[in-house]
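Scroll down for the structure; my scribbles are underneath it.
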Amino acid sequence: MPVRSDTAVLRGLEPLVLQALSAPEYAAGTASIDRLRLAPVPLVPEVRLVMAEDAIVLWARLEAEAGHVLPPPFWASAWTGGQGLARYILDHPDTVAGRHVLDVASGSGLVAIAAAIAGAAGVTANDIDPYSIAAINANAHANGVELTLSSSDLLDGDVDGVDVVLAGDALYHPSVAARMLPFLARVAAKGARVLVGDPDRGHLAHDWLERVASYEVPMSGAPEDAQLHLTSVLKPRRDKVDDRRGRATRLRRESHHCRTRE
Ligand SMILES: C[S@@+](CC[C@H](N)C(=O)[O-])C[C@H]1O[C@@H](n2cnc3c(N)ncnc32)[C@H](O)[C@@H]1O
């Protein structure tokens, strides 16, 4: 069983979605434009994901068949920011190898799966959308990796026991960015390595983050990304991280220095 999680979150989801995720090639009908299919991610062909040909059409169809409003199927696309971050992790496996990783706002699970392939000691994929949890479950199986799934909203708290926090295209909306950036700043201050994948949708904290890599992304991904061809991987600037551990050490040294001078 490659996925460990509180699978209770999967109960109550539309059977239609679960069925489509468990047999993506057939469930949605081969003739429809919005069909889900298991396909390699353009910038990260090592990973295959269940993706929609047209996520907007898929959303409309799922809502029509469910008879009520559903969250947008973010999980049905490999977002430009996540593709760049996953590419970076596979090209720099030492970033995560042997470490405990949290992929926040995981969507399809692309970044989490890349971290698991790159040799992370353990990977938690977190997303508040239960349909995303179902998709990550399916995608982890498809790629033969083990993930822990979490559907909790972590952004107002702290996380413990995590060495690396990854956030692929998690700054896609001002209200999400307004909570995500302080969360990332807090975990960085506690000593976790933070990496952000983002095509600059206008909510990046340029004064706090610095670019470590850029990638051209082939035409693909979410419908919103049709005009986005360049994506970056960023990390907190060293001088901007409120490193509480470092500050405590400095304060101890300074007070010791003062005492020895007295
Ligand atoms: C634009 S998608 C990016 C998905 C994936 N990381 C990628 O790059 O393909 C953003 C995801 O953030 C999730 N999200 C929004 N608010 C969240 C929160 N407070 N905690 C965790 N995930 C959240 C959404 O459900 C969605 O799946």
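The values are calculated or read from the model by the stated rules, or taken from the named source; none is laboratory data. Computed from a predicted structure; not experimentally measured. Methodologically, a virtual Cβ is constructed for each residue, glycine included, from the backbone with ideal geometry; neighbour enumeration extends over all protein chains shown.
General remarks:
- Positions within region 195-220 being outside any loop (DSSP other than H, G, I, E, B) and closer than 23 Å to Val101 by Cβ, in sequence order: Leu195, Val196, Gly197, Asp198, Leu209, Glu210, Arg211, Val212, Ala213, Ser214, Tyr215
- Residue selected from region 56-91 under the condition part of a helix (DSSP H, G or I) and of a type in the set (Gly, Ala, Ser), by the criterion nearest to the ligand (Cβ to nearest atom): Gly82
- Residue list for region 101-160, filter: among the charged types (D, E, K, R) and in contact (Cβ under 8 Å) with a residue 40 or more places away in the chain: Asp103, Asp127, Asp129, Glu146
- Checklist (1) within 12 Å of the ligand (Cβ to nearest atom); (2) of a type in the set (Lys, Arg); (3) out of contact with any helix residue (DSSP H, G or I) (no Cβ under 9 Å at 6 or more places or on another chain) applied to Arg201, failing item: (3)
- Restricting Ala55, Ala66 to those that are at pLDDT below 85 and within 19 Å of Ile133 (Cα to Cα) reduces the list to Ala66.
For (1) within 18 Å of Val47 (Cβ to Cβ); (2) within 12 Å of the ligand (Cβ to nearest atom); (3) surrounded by 21 or more Cβ atoms within 10 Å (Cβ to Cβ), each residue gets a yes or a no:
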position: Ser132; (1), (2), (3): yes, yes, yes
position: Ala135; (1), (2), (3): yes, yes, yes
position: Gly144; (1), (2), (3): yes, no, no
position: Ala167; (1), (2), (3): yes, yes, yes
position: Ser175; (1), (2), (3): no, yes, no
position: Met180; (1), (2), (3): no, yes, yes
position: Val187; (1), (2), (3): no, no, yes
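- Figure legend. Inter-residue proximity from region 80-98: first residues within 20 Å of Tyr172 (Cα to Cα), second residues within 15 Å of the ligand (Cβ to nearest atom) and polar (S, T, N, Q), beta-carbon distance below 8 Å, spacing 6+ or different chains. Indicated pairs: Thr80/Thr231; Gly81/Thr231; Gly82/Ser108; Gln83/Ser220; Gln83/Thr231; Gly84/Thr231; Gly84/Ser232.
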